Each structure stands twice: as structure tokens, then as C-alpha cells.
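Peer 1: Attaching a single structure in C-alpha cells format; questions to follow.
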Amino acid sequence: MTGYIIRRVLWTIPVLWAIVTVTFFLMHAVPGGPFDRDKELPPAVRANLERKYGLDDPLVEQYVHYLTNLVQGDLGISMKGNRPVTTIIKEGLGVSAQLGVTAFVFAVIFGTTMGLIAALNHNRIGDYVGVFVATAGSAMPNFILATFLILIFSVQLGWTDVLGWEFGNPRKTVLPVVSLGMLPAAFIARITRASVLEVLGQDYIRTARAKGLAEWVIVIRHTIKNAMVPILTVLGPIFAVMVTGSFIIETTFAINGVGRHFVSAIGSRDYGVIMGTTIFFAAVVAFANLVVDLLYGLVDPRIRYG
């Protein structure tokens, strides 16, 4: 197990390097720069700013300088606020984590429940309802769902607020959580349904029924546990993406999280924030995938790590 963990951690190094490299050169290949604006800056001021942030150096030299700082834990400086990128990420991470974890819990509970109900009522009304909800949730982008929810529950009924985030206040949390969690919930429901149906068709399930075990015992002790491996496979990346910030939902509801900072940085060509948040997202996703791989062995003893 220890050797497997070490190998997986070492494999993340070239993956992160590739992400950093591709992002760096694509970012500089896009027309425009951090100091482009409607009213042109005087050439002397622009030259001083570019010298201050090292943008007047050759691109390869900028790349090597950034990698050197990155190895030392320096994610760079925001070119708009002249603040460390790590500070910006720390400020937004708390809000993004609250939104992401809450939406993830909603997605897991709602998705697994719908998938389980659909599988246990195969080709009956429960299955039809579950498949309809999963299909509708998968087909509707979260910004479209957010718009409809705002129009119905905020504008028409006045039950919720439109903007902002306050953890523990249903008026400010329900709509962002549902908007962010519905798409992954629908995906989880489909995976759960397919996995449970596959397990229910196994010989050991038929043997358990032939022995006279109660259906709830079969479902809880034999079906759910053995159906968890495919579900765990998707939960890791889903959790990593949700907890690090949702670009669209945070922008739609004016939530001051990491995702909103990333969107603002793209619009203003803030190279430091773009690179820092991208690396942060990639590192969290890689870590989540490692955790999921380790959980496989706990859920399914047949899995061994060589």
C-alpha cells in the first residue's frame, strides 16, 4: 500500500507539470494582456508595469522563472491587486468549500437515493420517475437551472435571495446548492441505478434470496456495498471540482469564491491568478483521485495494490 501511494504521488508531478506548461503557453498565446484597457496606458507606464512583473523577458525565461518560484511554493502575484495569489485563494476557498461540500452532500444523498429507488423498482413507476429526473437533470446546464430557480423562487415567490452566500441561511444557500448539485446528482443517480441493477443480477444475490433472506438485508448487506466501486469512481472528481469553486454558479449568484476570482482573472488577463487557481484546481483533483483509489480497497477486498 505504501509503495502504491508513493508511485501515485510521484505520478502527479509530471501531470501537474504538463498542466502548468500547457496553461502557461496557451495563456500567453491569447491576444491581449493584463494591462490592456479601453484607455491606453502611457508607453512609459506600461513598460514599467511589464518590467515589474517580468513580462518584458523572453517567454521561455518567464516560464523557467515561474517554475522556479512554483517549486518553492510561490504561486505568483496578482497583476490587478498586487497581492499574492495564495492570499486570494485562501480568501475564496472558505466560501467555495462551504458551497461545494453542501452541494456535494446534496448530490450524493439525492443521486444515490434516486438511483437506488429506480433500480429496486425496475420497470415500475419508481424507475420511470428516477430515470426522468436523472435525464432532465443531466440535460439542463446548471446556469439554466439557476435562472429558472431564481425566476420562480426569488422573483415570483420571494422565498429566497438572488445574490450572495451566507452559510446556514436557507434564503441564501438553497438555490446555489441545488443549482450546483443537480447535475452531479443526476449523473450519480444514473451510475447508481446501473451499478445496483448489475449487482442484483449476480448469482450470489439469487442465492441469498433462495435462502430466504429479507429483501432489506440483501439490499443493505450485499447490494449497496458491492455496487459502490463504480459510484466511488465518479465521486472523487465530482467532489474535487465542486469544493474548489464553481465558475458559473459563483458568478451567477455573486458568491465571492475561488471560481469567481478565476472568471474575473480570465476577463482581465490576470496571469498570476489564472496560473495559481489552475494549479490549485489540478492539485485538488489529483489528490481526490488518489483518495478514491485508496478507498477501492476498503469497499472491495478483491482489489489489491501491488
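The values are calculated or read from the model by the stated rules, or taken from the named source; none is laboratory data. Predicted, not measured: the structure shown is a model, and the values here were computed from it. Counting neighbours? That spans all protein chains shown, and the Cβs are built from the backbone with ideal geometry, glycine included.
Peer 1: Among the residues of the stretch 106-124, are any closer than 17 Å to V234 by Cβ, at pLDDT 90 or above, in contact with a Phe, Trp or Tyr (Cβ under 8 Å, 6 or more places away or on another chain) and aromatic (F, W, Y)?
Peer 2: No, the stretch 106-124 contains no residue that is closer than 17 Å to V234 by Cβ, at pLDDT 90 or above, in contact with a Phe, Trp or Tyr (Cβ under 8 Å, 6 or more places away or on another chain) and aromatic (F, W, Y).
Peer 1: Oh, and also: Is it the case that A189 is surrounded by 17 or more Cβ atoms within 10 Å (Cβ to Cβ) and on the phi < 0 side of the Ramachandran plot?
Peer 2: yes
Peer 1: Among the listed residues V9, V15, V20, V60, identify the single one that is surrounded by fewer than 16 Cβ atoms within 10 Å (Cβ to Cβ), modelled with pLDDT of 80 or more, closer than 30 Å to D293 by Cα and of a type in the set (V, I, T).
Peer 2: Exactly one residue qualifies, and that residue is V15.
Peer 1: Would you list the helices (runs of 4 or more DSSP H) that sit entirely within the stretch 189-256 and hold 3 or more residues that are touching a helix residue (DSSP H, G or I) at 6+ places or on another chain (Cβ under 8 Å) and farther than 30 Å from L145 by Cα?
Peer 2: 203-210
Peer 1: Also, I was wondering about something else. G76 - would you say it is within 22 Å of V263 (Cβ to Cβ), surrounded by 13 or more Cβ atoms within 10 Å (Cβ to Cβ) and over 18 Å from the mean Cα position of the chain (by Cα)?
Peer 2: Against the criterion (within 22 Å of V263 (Cβ to Cβ), surrounded by 13 or more Cβ atoms within 10 Å (Cβ to Cβ) and over 18 Å from the mean Cα position of the chain (by Cα)), G76 qualifies.
Peer 1: Taking only the stretch 151-168 into account, find how many residues are farther than 22 Å from V258 by Cα and touching a residue at least 12 places away in the same chain (Cβ under 8 Å).
Peer 2: Count: 4.
Peer 1: Now, a different point. I need a count of the residues in the stretch 131-150 that are part of a helix (DSSP H, G or I), closer than 16 Å to V177 by Cα and among the hydrophobic types (A, V, I, L, M, F, W, C).
Peer 2: 7
Peer 1: Out of the helices (runs of 4 or more DSSP H) lying entirely within the stretch 38-130, which hold 2 or more residues that are touching a helix residue (DSSP H, G or I) at 6+ places or on another chain (Cβ under 7 Å), among the β-branched types (V, I, T) and more than 30 Å from L163 (Cβ to Cβ)?
Peer 2: Per the criteria, 85-120.
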